[in-house]
Amino acid sequence: MLIPCDVPSCANPIADDARVCAGCANGLRLALLKVGDENGLAVDLDLTLARQHRTGPGNLGRRSTETPLAYDPRASEAASVLRNTLSTWCRLLHEEIGGRLPQDDLAPMARWLSRFVEWLRRSDIGAECVDEVVSAVAQAERSVDLPAERVLAGVCEGCGTPCYARAGADRTRCRECGTEITVSEGRERLLRAAGDRLVTAAEGARSLRVLGHDVSAAAVRGYARRGRITVKQRGSANRPLYSLGDVLNAYLDSPAA
């Protein structure tokens, strides 16, 4: 006889001897991965608390009568809740399993807990852990949900979700399935997928700059003069239009790329 998952928000049946269903266990694993990743949620919270980027719309130029705070209160509360939640569960599992406790920081605690997800599935405290940790991570995500320094990193190859990375980061992870994405490769795949799109020289240059390359419209027009790309159509004001895929290939195949 199938029994339901012990997690309060889940009614999925469990086919094995676990107390937590595989879906909820994967949700816990992903939540911990988001915190434990080297460019993950722990870093976002630190940046927000340091006021290195804004998380709200501001006062739209109006003069505020309130004294500016030295930190973002929403992120501060979320970070405190997350830290307390992870440290509590690290201590509880340490009492049950033993071993060496992790460093008292968000990322190390999350990585340590992630080692015991399967053990938690079969424990009578597993459902409570899933409920509290996933909730705390979701609260932290909401507190940094509008980071000004996020850039498009591409589309996840695993689930098709658009993914974003901190400005300057080489890698990120999909928030839906946890797949790691290399920013440069993800952006290049996006551009290649749009290869048939017709663009002006200026639009083609902007697309290449998405890859992090300082390319001008004049350089794109130079590709055309040298026969490396051809005009596909004429747009408004009789401007030449080129295939974005051709522009990308011309640049990436050049010695300066």
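Restricting the first member to the stretch 121-135 and to residues that are in contact (Cβ under 8 Å) with a residue 40 or more places away in the chain and small (Gly, Ala, Ser), and the second to residues that are surrounded by fewer than 17 Cβ atoms within 10 Å (Cβ to Cβ) and assigned to a helix (DSSP H, G or I), the beta-carbon pairs closer than 9 Å and six or more apart or on different chains are Ser123/Glu96; Gly126/Trp119. Per the conditions (1) crowded, with 19+ Cβ neighbours inside 10 Å; (2) at pLDDT below 85; (3) of a type in the set (D, E, K, R), the sole criterion not satisfied by Asp6 is (2). Residue-level check: of (1) surrounded by 10 or more Cβ atoms within 10 Å (Cβ to Cβ); (2) at pLDDT below 85; (3) hydrophobic (A, V, I, L, M, F, W, C); (4) within 30 Å of Asp124 (Cα to Cα), Leu47 misses just (4). Candidates in the stretch 207-229 are the residues that are at pLDDT below 85 and either under 25 Å from Arg173 (Cα atoms) or among the small types (Gly, Ala, Ser) (or both); of these, the one that is surrounded by the fewest Cβ atoms within 10 Å (Cβ to Cβ) is Gly212. For the stretch 181-208, the set of residues classified as among the charged types (D, E, K, R) and farther than 14 Å from Gly154 by Cα consists of Asp196, Arg197, Glu203, Arg206, listed by residue number.
Might you check whether a residue that is in a helix (DSSP H, G or I), assigned by TED's automatic domain parsing to the domain that holds Cys24 and in contact (Cβ under 8 Å) with a residue 60 or more places away in the chain occurs anywhere in the stretch 97-106? Checked against the condition, which is being in a helix (DSSP H, G or I), assigned by TED's automatic domain parsing to the domain that holds Cys24 and in contact (Cβ under 8 Å) with a residue 60 or more places away in the chain, the stretch 97-106 yields at least one hit.
The values are calculated or read from the model by the stated rules, or taken from the named source; none is laboratory data. It should be emphasised that the depicted structure is a prediction, and the values quoted were computed from it without experimental measurement. For neighbour counting, all protein chains shown are included, and Cβ atoms are generated from backbone atoms with ideal geometry for every residue, glycine included.
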